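Notes for the one structure printed next.
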Amino acid sequence: MVRPSLILALALVATACGQRAEEPAASPPPEATPTPTETEAEGLPGATCRMVDGGNPANFPDFVEVEVESADGVDAITFRFEPQPDAPARPPPHFVYFTEKLITEGEGRPVHVEGEAFVVVSFQAVGHDLSGETPVEVYTGPERFDPGFPTLREAAMLGDFEGQVSWGLGLSDKVCYRIDAGPDHLTVEFPSA
C-alpha cells in the first residue's frame, strides 16, 4: 500500500520540476573579479567596490544621452533615459561591476579602452527601436568617449543587445564607485585621482 504522504511528496517534486523560473533580461558574468575593500572608498561617501544591481523591469525607457564630467574631486559618467509615460518612478534594471577585460555584447570580441581597471555598466533600455518595419536608432550619440579625466580615462559602448545596453569604463586605477540611479538617469561616480 502506498502512503498518502509519499504520493504528496512525489506530486510536489513533479510540480516543481515542471515549472520554469523567469530569466532576467541580462545577468552579470558568473565569476566577478575581486575588488578593493569597502574601506578603500576614501574620499567618496557611499562608494562601494562590490557589484551594484537594482531597478524595476517595468521601467523600460529610451536610452538617449551620455554625459561625462569631472568636477569637485569626482569623475562621473551619466546615462540619460526617457521613461515611458506609465513607467514607475524607479530606475530601469541595471548592474555595475569590475571586470578583468571588456568584451562586446553578443559577439564576445575584446574591446580596448585606456585604463588599468575596468568597470561594466549595463542597463535595460531601448537603444534601437525594432518594433517597426525599419529599425530606428534611439541613442544617436557617440559610442566612445575619451575624456582623459584623472580617474575616468575612457568609455566605450559594448553593445545594445536585446534591450540591454552595456558600456565599458577604463579607469586609471581600481577605485570604488558611487551609483546614483533614477527613472531618467544612471550615474557612476569615481573619486578623481
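The values are calculated or read from the model by the stated rules, or taken from the named source; none is laboratory data. Please read all numbers here as calculations on a predicted model, not as lab measurements. Please note: Cβ atoms are built from the backbone with ideal geometry, for glycine as well, and neighbour counts cover all protein chains shown. Heavy atoms of the whole protein, side chains included, go into the accessibility calculation; ligands, DNA and RNA do not. Shrake-Rupley method; radii C 1.70, N 1.55, O 1.52, S 1.80 Å.
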All conditions in (1) open to solvent by 80 Å² or more (accessible area, probe 1.4 Å); (2) assigned to a strand (DSSP E or B) are true of SER131 except (2)
When GLN84 is run through (1) within 14 Å of the chain's Cα centre (by Cα); (2) more than 17 Å from TRP167 (Cβ to Cβ); (3) among the polar types (S, T, N, Q), the failure sits at (1)
Looking at this structure, is GLU114 out of contact with any Ser or Thr (no Cβ under 8 Å at 6 or more places or on another chain), open to solvent by 10 Å² or more (accessible area, probe 1.4 Å) and under 25 Å from ARG50 (Cβ atoms)?
yes
Exception for VAL96 within (1) open to solvent by 40 Å² or more (accessible area, probe 1.4 Å); (2) within 17 Å of the chain's Cα centre (by Cα) falls at (1)
| query | In region 134-144, is there at least one residue being crowded, with 16+ Cβ neighbours inside 10 Å, outside any loop (DSSP other than H, G, I, E, B) and not charged (D, E, K, R)? | reply | no
Restricting region 105-131 to residues that are of a type in the set (S, T, N, Q) and at pLDDT 95 or above, the one nearest to the chain's Cα centre (by Cα) turns out to be SER122
Contact list, first residue from region 158-177 and farther than 22 Å from GLU189 by Cβ, second anywhere and among the acidic types (Asp, Glu), beta-carbon distance below 8 Å, six or more apart or interchain, is GLY159/GLU105; GLY159/GLU107; ASP160/GLU105; PHE161/GLU105; GLN164/GLU105
Note: among PHE161, PHE149, just one is of a type in the set (A, V, I, L, M, F, W, C), over 12 Å from the mean Cα position of the chain (by Cα) and within 15 Å of PHE63 (Cα to Cα), namely PHE161
Restricted to region 48-75 and to residues being closer than 13 Å to LEU152 by Cβ and more than 15 Å from the chain's Cα centre (by Cα), the residue most open to solvent (accessible area, probe 1.4 Å) is GLU69
